[in-house]
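The values are calculated or read from the model by the stated rules, or taken from the named source; none is laboratory data. Computed from a prediction, not measured in an experiment: that's the story for all the values here. Every residue, glycine as well, gets a Cβ built from its backbone with ideal geometry; the counts of neighbours run over all protein chains shown.
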C-alpha cells in the first residue's frame with residue numbers, strides 16, 4: 001500500500017492498539033487517539049510511526065480537533081477507524097441506566113462525531129476510507145447484551161447508510177469482531193453478566209486478527225470496497 005494517514009480512536013488497548021501496531025509497522029502514519037494519553041505515549045515509544053493524541057469521542061469538538069489536527073500536520077486524512085467502544089453488559093432489569101447512557105454516548109454518538117468530523121474532509125479531498133468497529137453483537141442478541149447489541153446494530157446501520165449515500169470515492173467498511181482478547185469486558189459491573197462473560201470469552205482470538213482484517217480492507221484498490229468483515233474464533237458458533 002501507498003503510505004496512508006490513518007486515524008484510530010480507542011487506540012490505547014485491545015483491537016485499537018493492535019491496529020495501530022500493525023498499520024504503523026506496514027509503513028503508515030497512525031494517529032492514535034484515546035482518553036488514556038499515557039498508554040498512547042508508551043505505544044508511540046515502542047512503535048515508530050504512531051502519533052499519540054488524547055481524544056474523547058463523546059465530545060464532538062474534541063473529535064473535530066483530532067481530525068483537523070492530523071490534517072494540518074499531514075495535509076490529508078486517508079482513513080478514520082471509529083474503534084472506540086464500551087461494553088458494560090447487564091440484564092435490563094438490573095436498571096443500570098447510567099451504563100446504558102455511556103454505551104450510547106461512546107458507541108453511537110462517538111461514531112457519529114467521527115463521521116461528522118471526517119466526511120467533509122473526505123469530500124473536499126476527493127476520497128477517503130471510513131472504518132467502523134462494530135461487533136458480532138450487531139448481528140445477534142443474547143441475555144445481558146440488549147443495550148450493547150442495540151448500539152452495535154446502530155453502528156452497523158449508520159455505517160451501511162453512509163456507504164449507500166457516499167460517492168464511490170469514499171469507501172466504507174464495517175468490522176464485526178467476535179470474542180477477542182481485550183479489556184472490553186473489564187467494564188462490566190453486573191455480577192451475573194461478568195460471570196457469564198468469563199465462560200463466553202474462554203475461546204478468544206488475538207486482536208491482531210482484527211488488525212489483519214482492517215489491513216486487508218485498506219489495501220484493496222480504489223475500485224474495491226470491502227463492505228463488512230466478520231472475524232471471530234473458529235470455536236465461536
Next item on the list: Being in contact (Cβ under 8 Å) with a residue 60 or more places away in the chain, farther than 19 Å from residue 24 by Cα and loosely packed, with under 14 Cβ neighbours inside 10 Å is the filter here, so list the residues in the range 194-235 that pass it.
Entry: 222, 227
Check: Considering the range 23-61 alone, what residues qualify as being farther than 17 Å from residue 13 by Cα and free of Cβ contacts under 8 Å to residues at least 24 places away in the same chain?
Finding: 61
Note to self: I'm trying to understand the selection: among the residues of the range 104-144, which are closer than 18 Å to residue 201 by Cβ and surrounded by fewer than 22 Cβ atoms within 10 Å (Cβ to Cβ)?
What the structure shows: 136, 139, 140, 141, 142, 143
Next item on the list: Pick out, from the range 50-131, the helices (runs of 4 or more DSSP H) lying fully within it that include 2 or more residues that are touching a strand residue (DSSP E or B) at 6+ places or on another chain (Cβ under 7 Å).
Entry: 60-74, 110-125
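Answer yes or no: is there a residue in the range 169-183 that is buried (at least 19 other Cβ atoms within 10 Å of the Cβ), assigned to a helix (DSSP H, G or I) and either at pLDDT below 95 or within 19 Å of the chain's Cα centre (by Cα) (or both).
Taking every residue of the range 169-183 in turn, none turns out to be buried (at least 19 other Cβ atoms within 10 Å of the Cβ), assigned to a helix (DSSP H, G or I) and either at pLDDT below 95 or within 19 Å of the chain's Cα centre (by Cα) (or both).
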Next item on the list: Only one of these is over 19 Å from residue 105 (Cβ atoms) and touching a helix residue (DSSP H, G or I) at 6+ places or on another chain (Cβ under 6 Å): 132, 144, 181, 199. Name it.
Entry: 144
Item checked: Residue in the range 2-47 that is surrounded by the most Cβ atoms within 10 Å (Cβ to Cβ), counting only those that are part of a loop (DSSP other than H, G, I, E, B) and on the phi > 0 side of the Ramachandran plot -> 10
Checklist line | Per-region count, the range 184-225, residues more than 16 Å from the chain's Cα centre (by Cα) and assigned to a loop (DSSP other than H, G, I, E, B) | finding: 13
